[in-house]
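Some notes on the structure that comes next.
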Amino acid sequence: PRGIPAFQGESNDDVKSVPIILNDGVDIVSSHAIRPLMDGHLQHSNGLDEASPSQHGLLSHSDEGDLNGPNERVLLAGAVVSFILAVISVLKLSPSGCWRYYLAGGICASTSHALTTPIDVVKTRQQVDPWLEEKSMFEATLAIIKEGGPLALLAGLGPTALGYLIEGSVKFGTYEVTKPATLRFVASMASFLSLPALDSKILSLVICGIISGTAASVMLSPMEALRIRIVSDAEFSEMSSLKAAITMLKREGIRSLTKGLPAMMFKQVPYTITKNVSFDLFTTSLYSLWREMGYAITANVKFAIPLVSAMSAAVLSCVSSHPGDMLLSLVNAHEGSKRTRDFAKDIWKGRSGVGGFFVGIRPRFLHVLVIVTVQLLIYDFIKRLVGIAATGM
């Protein structure tokens, strides 16, 4: 496989001086494979010696993004202040009692993503490590455990739990709060343009999904960048989350935590639309069908209908968001100024066209199925617990 060291010794000291054999034309190499080789040389299969990995544009550790610089401190302070003001503004502009949506969304997203961290680690490593790409999920899991021990499957747990606590709160809260406004908007547009077809509940929900998915992307992007770097880079995997974040900021500046935003939006917006909208529509349709059949809505029914709806939403959201997830993993796994569209071109040219955007989809199917099912069931339960009707009722 591409990017595998020709020989791996018993310790890091043994590996540092060992060359790595690359096939010609390969420009994406796992940092897990080459991080221990920063002091060595790369050697192509044609026998020509090359410079260090940083000269290939793979792993450059420049000091341009010094956290101590005045510009960096101002930007960091501005980001923190903007985040606080955004949270206060959203809560103040939201109708009374809508805090319950934010609470339910934050708890369900953080819990479901934290529980499935090991699956996410395997998926991410298969996307960024060429030597794991062709392995089955089980084989990749064993390889990761052999390489870094069982705790390697929990890499990035901290950023995952915190990032999705914020992301889930913003996503679900914004989605629910904007429903009345989008319904009025599509009705007004249908009347203004004399197009009755525009006055559609589905269209209004899709607009809600676009708004909430975009807002969630902005909130999640920094933590997801940190998580992916911890999972994909051997050097960062040995650091605490805080130390890894500071190291990224010192080496690459704030851009290291925000450069994945375009890829994040390619992932989160389709994911939010297909997950939230389909769950809304499936539950509404199934509850209506159940009533039309003359059956009572019992506690068991309130569990079964959301379960079936959540599993269906999981499949749709996994397929629609996987190309964006693939891009997000690659963008955040590698240092440097390479942009999202550059990675997209590399995938298209070097990984069998469209199929290259679906690398790692098997473990992600399991990952998203568990995440979305658990997440939406918890969300529905907490909504009812705090006095909000179940979704679709």
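The figures follow:
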{"item": "Using alpha carbons only: equivalent-ellipsoid semi-axes of the stretch 133-275, gyration tensor based, whole Å", "result": "39, 17, 12"}
{"item": "Förster radius 25 Å - calculated FRET efficiency between L289 and R384 (Cβ-Cβ, nearest 0.05)", "result": "0.75"}
{"item": "Built amide H within the under 5 Å cut-off of M393, gap 5+", "result": "none"}
{"item": "The stretch 241-325 - percent relative contact order, Cα under 8 Å, separation 6 or more", "result": "46"}
{"item": "Amide H partners (placed H, <5 Å) of G253, local residues excluded", "result": "G65"}
{"item": "F365 accessible area, assembled protein chains, probe 1.4 Å, Å²", "result": "80"}
{"item": "Charge tally in the Cβ shell below 14 Å around L162, where Lys, Arg are +1 and Asp, Glu are -1, L162 excluded", "result": "-1"}
{"item": "By accessible area with a 1.4 Å probe, ligands and nucleic acids excluded, highest first: order of F172, F381, F357, F138", "result": "F138, F381, F357, F172"}
{"item": "Rough spin-label spacing in nm, given labels placed 7 Å along Cα→Cβ, for L366 and V315", "result": "1.9"}
{"item": "At 0.692 mPa s and 37 °C, Stokes D of the stretch 285-367 from Kirkwood alpha-carbon radius, µm² per second", "result": "210"}
{"item": "Pairs from K171/K345; K267/K349; K135/K250; K171/K259 whose Cα-Cα separation, in the structure shown, is over 28 Å", "result": "K171/K345; K135/K250"}
{"item": "Estimated vicinal HN-Hα couplings, Hz - the stretch 155-162 in sequence order (Karplus 6.51, -1.76, 1.60; Gly, Pro = x)", "result": "4, x, 4, x, x, 5, 5, 6"}
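The values are calculated or read from the model by the stated rules, or taken from the named source; none is laboratory data. Small disclaimer: the values here were computed from a predicted structure and weren't measured. Note that each Cβ is placed from the backbone with ideal geometry, even for glycine, and that neighbours are counted across all protein chains shown. Note: accessible area is taken over every heavy atom of the protein model, side chains too, but ligands, DNA and RNA are not part of it. Shrake-Rupley method; radii C 1.70, N 1.55, O 1.52, S 1.80 Å.
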